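**Q** Sharing a structure below in structure tokens format, with a few things to ask.
Read the figures in this text as sums done on the coordinates, not as results from a lab. All values reported here derive from a predicted model rather than from experimental measurement. When we count neighbours, we look across all protein chains shown, and the Cβ atoms used for this are built from the backbone with ideal geometry, even at glycine.
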């Protein structure tokens with residue numbers, strides 16, 4: 001009978017490496033196994049969490065939790081780690097709870113570097129775990145202070161430089177300043193993209209055609225032309241340095257709409273010093289993190305002007321025009337880029353809350369459909385669509401009818417006209433335009449002009465699912481399924 005105590009190891013590496021290296025993990029695994037065997041334990045293997053922090057209270061550590069569950073079930077008497085900080089870097093309360101919990105189960109904690117802590121040494125274990133927490137606090141403060149000093153000195157403190165730039169280093173006032181410098185060929189790609197967007201942003205195209213200034217079209221052409229993203233170039237560099245491919249790893253990055261939009265939104269293109277903007281906490285298996293979703297310019301507290309640190313790639317006027325255009329991109333916020341009237345307003349929604357989009361066709365088969373992904377639950381069963389001509393005719397008729405009622409002094413309609421007039425410039429000008437539309441000018445009016453007119457009156461258009469099956473191409477009153485929310489008012493069918 002084997003009377004030896006059963007030991008398990010716990011291994012953790014905080015940060016994933018760009019080349020997927022797990023050298024630190026392998027070193028910890030080797031050290032834990034050797035320590036357990038040297039102490040005469042029966043070693044049953046290790047639990048491994050990669051690319052996860054033990055400092056953040058909201059970090060997800062599935063292998064750590066599995067190890068604790070197995071210890072509670074009596075499957076191990078000893079937990080071996082390379083350093084105690086691998087267990088936790090959280091505050092004193094968390095450290096005491098962990099130490100007391102393990103020791104309460106009769107479990108001994110063994111650190112390869114710091115020794116063994118049996119059930120009678122709870123306070124010693126807590127002190128060492130508290131020291132690990134304080135080390136993390138000090139390190140985070142030091143890193144933050146150092147970045148602040150370097151940023152104020154005009155240094156680049158990020159990782160990979162943004163597309164259009166590379167990094168050079170220089171010594172200044174005892175500091176190593178990393179300066180962004182323009183990469184001419186990358187900068188020209190950005191300028192060409194911006195020129196194209198600004199040249200075509202107000203053009204209209206027929207349904208089914210690709211807009212010459214669309215982000216998706218530009219990405220497709222960049223990929224077809226073999227223009228490399230920054231990530232793809234770094235992938236080449238890692239491979240040249242001897243890195244090997246990892247099974248299941250994605251190939252070199254291609255241009256995607258999200259990639260291009262993030263680049264075009266970056267204030268560093270106009271020479272500004274920036275700070276990251278983080279999105280909400282997300283969890284992905286063993287990893288819990290806050291992703292950078294963008295950047296904002298740092299402003300001098302005295303002059304209230306953006307802090308400049310490097311040569312800009314774009315002219316400030318082009319940049320501002322570009323940002324105004326990008327503000328109109330996204331689900332339900334499309335500008336005048338197709339022949340569909342209502343999808344360009346940014347107010348057309350399905351009753352389930354999803355955006356209604358054009359199906360991309362023209363003529364008798366043109367429709368608006370719910371954009372909710374297939375398989376989504378809640379809202380309604382199956383799809384939801386409505387003939388484009390039916391809905392557009394109904395919305396235009398309702399708006400022109402309300403203006404006609406306002407022209408006749410009808411209560412409610414007058415208030416709507418006044419509210420809409422504040423968006424148009426004046427209620428009198430809006431009334432004059434509406435009279436011209438009502439007299440037969442609506443069908444021949446430019447698409448962008450129609451959208452500007454409707455946008456003054458309508459804040460939301462919501463389409464319910466049809467109550468019964470039928471031929472959606474046959475004439476019917478779209479009002480039985482449509483609810484309009486007027487400018488500054490409540491919804492009305």
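**Q** Using a 7 Å offset from the Cα along the Cα-to-Cβ direction at both residue 199 and residue 167, what is the distance between the two label points in nm, to one decimal?
**A** The two pseudo-label positions are separated by 3.5 nm.
**Q** Between residue 216 and residue 30, how high is the FRET efficiency from 1/(1 + (r/R0)^6) when r is the Cβ-Cβ distance and R₀ = 45 Å? Nearest 0.05.
**A** On the way: r = 49 Å, r/R0 = 1.09.
Here the calculated transfer efficiency is 0.35.
**Q** In addition: Which ordering of 32, 219 is given by a fewest-first count of other beta-carbon atoms within 10 Å? Intermediate values should be presented prior to the final figure.
**A** Values: 32 26, 219 21.
Final ranking by Cβ density, sparse to dense: 219, 32.
**Q** Right, another one. Full-extension gain between residue 311 and residue 435, please, as 0.36 nm times their residue separation minus the C-alpha to C-alpha distance.
**A** Values: separation 124, 0.36 × 124 = 44.64 nm, distance 5.27 nm.
So the extension gain works out to 39.4 nm.
**Q** If you stretched the chain out fully between residue 131 and residue 6, how much longer would it get, using 0.36 nm times the residue separation minus the C-alpha to C-alpha distance?
**A** Value of the extension gain: 42.2 nm.
**Q** Here's a follow-up. Grab the beta carbon distance between residue 178 and residue 418, set R0 = 51 Å, and tell me the FRET efficiency rounded to 0.05.
**A** On the way: r = 57 Å, r/R0 = 1.11.
For R0 = 51 Å, the calculated efficiency reads 0.35.
**Q** If you don't mind, there's one more thing I want to ask. Which ordering of 450, 465 is given by a fewest-first count of other beta-carbon atoms within 10 Å?
**A** Details: 450 20, 465 17.
In increasing order of surrounding Cβ atoms, one gets 465, 450.
**Q** Multiply the residue gap between residue 91 and residue 256 by 0.36 nm, knock off their C-alpha separation, and tell me the result in nm, one decimal place. Before the final figure, lay out each step's value.
**A** Details: separation 165, 0.36 × 165 = 59.40 nm, distance 4.14 nm.
Using 0.36 nm per residue and subtracting the Cα-Cα distance, I get 55.3 nm.
**Q** Right, here's the next one. Kirkwood hydrodynamic radius of region 348-492 from all distinct Cα pairs, in Å? Write down the numbers at each step before the final one.
**A** Values: mean 1/r = 0.0615 Å⁻¹.
Its Kirkwood hydrodynamic radius stands at 16.3 Å.
**Q** Counting other C-beta atoms within 10 Å, which of 33, 451 has the fewest, and how do the rest follow? Write down the numbers at each step before the final one.
**A** On the way: 33 16, 451 19.
Least to most surrounded, the residues fall as 33, 451.
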